[in-house]
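Input: a single structure, listed below in structure tokens.
The values are calculated or read from the model by the stated rules, or taken from the named source; none is laboratory data. Not measured: the values here are computed from a predicted model. Quick reminder, even Gly has a Cβ in these numbers, built from the backbone with ideal geometry, and neighbours come from all protein chains shown.
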Amino acid sequence: MNLSRRHSLKLIGTGAIALAASPYVALARSTEGLMKKIPSSGEKLPVIGMGTWRTFNVGSDTALRDARTEVLRSFFDHGGGMVDNSPMYGSAREVVGYALDKMGSIPETLFSAEKIWTPEDDATRTQTAESAEMWGVEVFDLMQIHNLVAWEPHLATLRRMKAEGKIRYIGITTSHGRRHREFERIMNSETLDFVQLTYNLTHREVEQRLLPAAADNGIAVIANRPYDGGDLIRRLKRTNAPLPDWASEIDCQTWADFLLKFIVSPPAVTCAIPATSRVEHMQENMGARLGRMPDEATRKKMIRYVENL
């Protein structure tokens, strides 16, 4: 299968060159936002992506679908790239497809991230094709095995599909801190392009072993549940606590900036995927890709500040 024009442009842009020592990409204009490289290819990704869990599961309601279309449009208008989805998310695949179709064309910057979620080990290709039809895409940028369900047979098939040009990258996922020991073993024994895991300011277990394993093995990391399913940011907003004065040193204007910059600042983390159903919250999320990022000392201050609220 030939790559689409969009995928060809991506490869031309990256040149499939060797990685530089730093995962950060120097940008001429700060308004373009921070991007990081996928270790296995050198391709660049915006550090803030978009999740669809719960938020895009709106069924056939046209008004809600149109509202989600505006959320997706805002995402791309503000430099978005990765959109993450799964068959587990109800109608989210169909709603993303509806939104992309209503926008008139698939944005060149779209990095489509889907998942295989079925215990039927021979259904990898079938579910991929089903998802592609719902999205309206020819080739997924990333196909992940959701929560390690039947991961061994699915991974073998995904490798063949990648070699055939039917998907571009492969990965595995976990969430809520589950099965970390097995996850680490797979990371150290299998060749993967991506892993997806839960990481946020109050859930940092992955810093101990999984993030180092990703760095050691050249695997890109997607951070899910950056707001702990929304609970974390809602709690901070309810406290009416101001951002600390020193937050301006890392160009934070909102709690979204604060929480997302914490997540994407470690070198091992490639991208965070906050989900939202509101355009104004999408605009807040996308602001986190701009400006200065916290160093390790500042990250420790961020942890202490939130823990003391």
Of the numbered conditions (1) without any contact (Cβ under 8 Å) to a residue 24 or more places away in the chain; (2) under 15 Å from Ala272 (Cα atoms); (3) of a type in the set (S, T, N, Q), Ser189 fails exactly one; give the number of that condition. (2)
Counted residues in the stretch 254-309 being crowded, with 21+ Cβ neighbours inside 10 Å and assigned to a helix (DSSP H, G or I) come to 14
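Please go through the stretch 97-106 and pick out each residue that is modelled with pLDDT of 95 or more and in contact with a helix residue (DSSP H, G or I) (Cβ under 8 Å, 6 or more places away or on another chain).
Applying the first criterion (modelled with pLDDT of 95 or more) to the stretch 97-106 yields 97-103.
If the condition is that a residue be modelled with pLDDT of 95 or more and in contact with a helix residue (DSSP H, G or I) (Cβ under 8 Å, 6 or more places away or on another chain), then Gly97, Tyr98, Ala99, Leu100, Lys102, Met103 are the ones that fit.
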Residue under question is Glu94, and the condition is that it be under 30 Å from Ala67 (Cβ atoms), without any contact (Cβ under 8 Å) to a residue 60 or more places away in the chain and in a helix (DSSP H, G or I); does it hold? yes
Quick one: would you say Glu120 is in contact (Cβ under 8 Å) with a residue 24 or more places away in the chain and surrounded by fewer than 23 Cβ atoms within 10 Å (Cβ to Cβ)? yes
Only one residue in Ala247, Ala213 is surrounded by 15 or more Cβ atoms within 10 Å (Cβ to Cβ), more than 18 Å from the chain's Cα centre (by Cα) and free of Cβ contacts under 8 Å to residues at least 12 places away in the same chain, so which one is that? Ala247
Tally of residues being touching a Gly at 6+ places or on another chain (Cβ under 9 Å) and hydroxyl-bearing (Ser, Thr, Tyr) across the stretch 242-269: 1
